[in-house]
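Only one structure is covered here, and it is reproduced in the block below.
The values are calculated or read from the model by the stated rules, or taken from the named source; none is laboratory data. These numbers come from a predicted model, not from an experiment. So basically every Cβ, Gly included, is an ideal-geometry build from the backbone, and we count neighbours across all protein chains shown.
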Amino acid sequence: MSPVVGWPSVLGVSTFAAGLYAYRGVLHAPAAAGPSRLLALAPVFIASALATFAGEHFTQAREFSELVPKWLPLRVLVTYFVGVCLLAAALSFVARRYMRWSASMLALLCALFVLLLYLPSAFAHPGVRIAWIFPFREGTFAVGAFCVFLSEARRQHGCRRRMSSPTSPASFVADTLLFAGMMFAIAWEVAAQVRVDVMG
């Protein structure tokens, strides 16, 4: 297996396994129903994805550095730094430590991706439909991380009120993922390459 595929996979699977062990109390809680257990395990699923993304930043640093704005110095080091940030957030979610800080910083990181990378690229290529997916996708990651922050803050303060409004962040995440999935399904043959082509 190629290291480009192997190391991100190892990080993702290892983080997922560690998360299941760390959250084993939730899995075996007698009062928890199936949906409740899945919701409680949400940080584990997020952490495994973040660890996989971090591995990609480590194994494809030079390729990913091409996406970094050219006015930033040390673009390869910036790519490694982003990988470290993603891995740190993943470990925080798995260990259930400082999650409010890690979730809020993860939301900020994804928001910076939108402002510095994907929105300028989308405006520079207004006719490329796929290019408009990336700002919304990264924006969804930012909103999702903010949802984790809100959930953790409410848990620590003993507040159990749920966001059920159609305009809630969770609804935004669901709508954007549906839109992005449809666009990738329509143009699946170019989705993998267009990111580098548009951002380069």
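General remarks:
- When each of Ala131, Ala51, Ala107, Ala111 is tested for being part of a helix (DSSP H, G or I), assigned by TED's automatic domain parsing to the domain that holds Ala18, hydrophobic (A, V, I, L, M, F, W, C) and touching a helix residue (DSSP H, G or I) at 6+ places or on another chain (Cβ under 8 Å), the lone residue that passes is Ala51.
- Odd one out for Lys70, checked against (1) outside the structural domain of Val10 (by TED's automatic domain parsing); (2) not in a helix (DSSP H, G or I): (1)
- Checking Leu86, Leu77, Leu91 one by one, the residue that is buried (at least 20 other Cβ atoms within 10 Å of the Cβ) and part of a helix (DSSP H, G or I) is Leu86 and no other.
- Count of region 50-67 residues which are more than 11 Å from Val10 (Cβ to Cβ) and touching a Leu at 6+ places or on another chain (Cβ under 8 Å): 5
- Screening region 11-48 for residues that are in a loop (DSSP other than H, G, I, E, B) and loosely packed, with under 14 Cβ neighbours inside 10 Å and picking the one that is modelled with the highest pLDDT gives His28.
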